[in-house]
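Presented below is the structure to which this report refers.
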Amino acid sequence: MGKAFPEKLLICEHCDTVYRRRVLERGEVARCALCAAELERYHLLSVNAMLALILTAAIVFVQANLWPIVTLGLSGQHSSTTLWGVILAMWREHSQVVSVLVATTLFFFPLLKMSLLGWLLWFARGGRRAPGFVPLMVILHRLGPWTMSEVFVLGALVAIVKAHTYFDVTADPGIYAYAALTLLITIFAGVDLRQLWDEDLEPAA
Amino acid sequence: MSALPRAAELGLIACTVCGLVCRNVPGDAQLDGDGVDDAMACPRCASTLRRRKPDSFARTWALLIAAFLMYIPANVLPIMRTASLNDIDDNTIISGVVELWRAGSPNLAVIVFTASIVVPVLKFLALSVLLVSSQRGSGWARLQRAKLYRLVELIGYWSMLDVFVVALLTALVRFSVLSLVEPLPGVIFFGLTVVLTMFASMSFDPRLIWDGKDSDD
């Protein structure tokens, strides 16, 4: 077994340079002197604040999935869709690969990410490690860049402009829910979830 | 830059999953991802500790070449068919960008062009440069190459844009025979290109940029 020095040292992930860790002031970001990658930043959000953000994101996510995104109109006819409408349409149109990609990156992975974070933070709030803390933190790390809701918002914008040439386009509540979700994701992007490893939490009972 | 100690020199190793700094067991210096199963587990998160990502060069090359092979049909084949009563129109990625430009939204056309053409091409070029220079242990422009890698990681997944556009239009435009949008095989190849390039950049180990024998200056 390797011996660990969790508090004292820090190694740059991008170039393997070793640093002595020091406490960061509010707003400070530690950068690697060799490769300029970010090492660590001051934790602006408390566990409570993060949990509040995740709960908000969960509510907005439900709305973004249930409500239609846009409605097209053509000589009296109307057509609208939700995210699952998109997934099923691609499956029916013999693009199952795309259907699975859309379902995982826009539905299952974001859902998984929010559930894991909610679960871990809920227990961290009480000063405890959630049951399954270690494997769940590893899964969270592996999810990495595979949640793409923010790309979908831009995609919806492009689709609206393309459709606008031929149809009457009405933006539905779903697109606003997606926009709000993107905003929350952007706020959360600055959070280093590794801080949960360092929090002094009691092991799960 | 010799003043900065590197983990390998100090006999330390960082867990890539949880960031924990660990000391090598004395005598266990073969943590080099050489395929020999002599790796140890992180005491905190139980992930395998490795000095470098395993077979980084070979895996990244393989994924990058596979992605490039997918990128050819993705551009040549049409990605979307728009059909109306008297007209069937097959769109490739490029013709979609041109149409968007003509339809009066040059700004969005530039965004789509960037996401669908510039970003994938940049990824192919950047990763090839990173692979070749790191394999040669080159000391050339290390800081810039490190930054280039982080840029590729940051923007890579935005290429999925066009796939989502086609998917959304397919679901939306269903007015019986009057007007229909169907996905065509190009979009599948394009989706696979994006996924493969993401895997390629994930399997490249940026620490290899700094591993060469040459010194910086």
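Details
- Base-10 log of normalised Debye intensity for the protein assembly as shown (one unit scatterer per alpha-carbon) at q = 0.10, 0.14 Å⁻¹: -0.78, -1.30
- Segment A:67-121, relative contact order [Cα under 8 Å, separation at least 6], %: 20 percent
- Legend: mean number of C-beta atoms from other chains within 10 angstrom of residue C-beta atoms, peptide B:140-153, equals 2.
- Rounded if a/c under 1.5, otherwise prolate or oblate - segment A:45-198, Cα gyration tensor axes: prolate
- Using the Cβ-Cβ distance between A:Ala52 and A:Asp200 with R0 set to 22 Å, the FRET efficiency from 1/(1 + (r/R0)^6) comes to roughly 0.55.
- A crude spin-label estimate for the pair A:Arg125 and B:Leu10, with each label 7 Å from Cα along the Cβ direction, gives 3.7 nm.
- For B:Ser176, B:Ser116, the sequence from fewest to most other C-beta atoms within 10 Å is B:Ser176, B:Ser116.
- For the pair A:Thr170 and A:Ile59 in one chain, pulling the backbone fully straight at 0.36 nm per residue adds 37.6 nm over the alpha carbon distance.
- Computed over the alpha-carbon atoms, segment B:56-210 gives an Rg to Rh ratio of 1.08, Rh here being the Kirkwood radius from the mean inverse distance.
- Nearest-ten-degree value, helix A:83-92 long axis tilted from longest Cα axis of chain A: 70 degrees
- Förster radius 25 Å - calculated FRET efficiency between A:Gln77 and B:Asp89, Cβ distance, rounded to 0.05: 0.80
- Taken as Cα centroids, segment A:66-133 and segment B:76-134 sit 25 Å apart, rounded to the nearest whole angstrom.
- From phi via Karplus (6.51, -1.76, 1.60), per-residue ³J(HN,Hα) for segment B:44-58 in Hz, x at Gly/Pro: 8, 10, 6, 6, 5, 8, 9, 5, 9, 4, x, 6, 4, 4, 4
- Residues of segment B:143-160 with amide N under 12 Å of a point placed 7 Å along Cα→Cβ from B:Val129: B:143-152
- The charge dipole of the protein assembly as shown, taken about its Cα centre with unit charges on the Cβ atoms of Lys, Arg (+1), Asp and Glu (-1) only, comes to about 680 debye.
- Note on B:Val110 and A:Arg142: their simple-model spin labels are 4.1 nm apart, each label 7 Å out from Cα toward Cβ.
- Once the Cα atoms are used to define both axes, helix B:161-172 deviates from the longest principal axis of chain B by about 40 degrees.
- Signed unit charges on C-beta, dipole axis of chain A, positive-most listed residue A:Ile187, A:Ala156, A:Thr81: A:Ile187
- Within 10 Å of each Cβ in B:79-86, the average number of Cβ atoms from other chains: 1
- Against the main long axis of the alpha-carbon atoms of chain B, helix B:185-203 sits at an angle near 10°.
- Alpha carbon centroid spacing (whole Å) that separates segment B:48-65 from segment A:36-63: 31 Å
- Estimated 222 nm signal from helices in the protein assembly as shown, with DSSP H stretches of n ≥ 4 weighted -39500 (n - 2.57), rounded to 500: -15500 deg cm²/dmol
Coordinate-derived values only; no laboratory data. All values derive from a computational prediction rather than experimental measurement. Because the Cβ atoms are built from the backbone with ideal geometry, glycine has one as well, and the counts that use them run over all protein chains shown.
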